[in-house]
Amino acid sequence: MSTPSPQRNSNPPSRALLIGALLRVPAQAIHRRLVSGLNLAGYTDLTLPHIAVFQFPGPDGVRPTTLADRAGMSKQAMNQLLRSLEAAGYITRADSAGQGRARVIRLTKRGHAAYAKIIDILRGIEREWKAELGAKDFALLKQILARVWESPLVR
């Protein structure tokens with residue numbers, strides 16, 4: 001009687017993955033950690049889709065159409081998220097001075113507190129990744145990603 005062979009990992013080695021997957025998977029993990037951390041901190045009404053509104057540099061003083069563009073979603077979908085955040089007390093919508101009927105998003109006290117918690121969670125994730133990768137490799141990762149961020153290739 002033979003023993004069953006261990007199952008092979010069906011995922012290809014990371015060197016075979018394309019850049020989209022290599023960037024997407026960590027980003028999704030970060031988003032899940034943000035929601036989990038926010039929920040544990042008492043922001044139980046925040047869900048994964050809300051992260052699109054709170055992503056850097058944040059929604060304060062920004063028009064809904066700009067937020068929709070940043071998140072890669074329709075204006076209608078963004079407005080639905082904004083309505084839920086407004087109902088939960090995270091944001092208000094205010095007239096934009098000198099821009100006619102244009103409205104901008106303003107974080108409330110609760111919204112600022114949630115955004116500060118997001119920053120705390122992200123700092124914790126960075127500490128964990130630095131410990132996992134080592135300080136030198138983590139610094140290199142951030143340096144390379146900053147170069148990509150600033151590159152015209154991502155515009």
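Values in this text are rule-based calculations from the coordinates and carry no lab data. All values reported here derive from a predicted model rather than from experimental measurement. When we count neighbours, we look across all protein chains shown, and the Cβ atoms used for this are built from the backbone with ideal geometry, even at glycine.
Looking at the range 29-38, can you tell me whether even one residue there is assigned to a loop (DSSP other than H, G, I, E, B), loosely packed, with under 13 Cβ neighbours inside 10 Å and either more than 17 Å from the chain's Cα centre (by Cα) or of a type outside the set (Ser, Thr, Tyr) (or both)?
No, because not a single residue in the range 29-38 is assigned to a loop (DSSP other than H, G, I, E, B), loosely packed, with under 13 Cβ neighbours inside 10 Å and either more than 17 Å from the chain's Cα centre (by Cα) or of a type outside the set (Ser, Thr, Tyr) (or both).
Confirm whether Ile91 is under 21 Å from Lys142 (Cβ atoms) and among the hydrophobic types (A, V, I, L, M, F, W, C).
Taking the combined requirement at face value, the residue does not satisfy it.
Looking at (1) more than 23 Å from Leu34 (Cβ to Cβ); (2) in contact with a Phe, Trp or Tyr (Cβ under 7 Å, 6 or more places away or on another chain), find the lone condition where Pro152 falls short.
(2)
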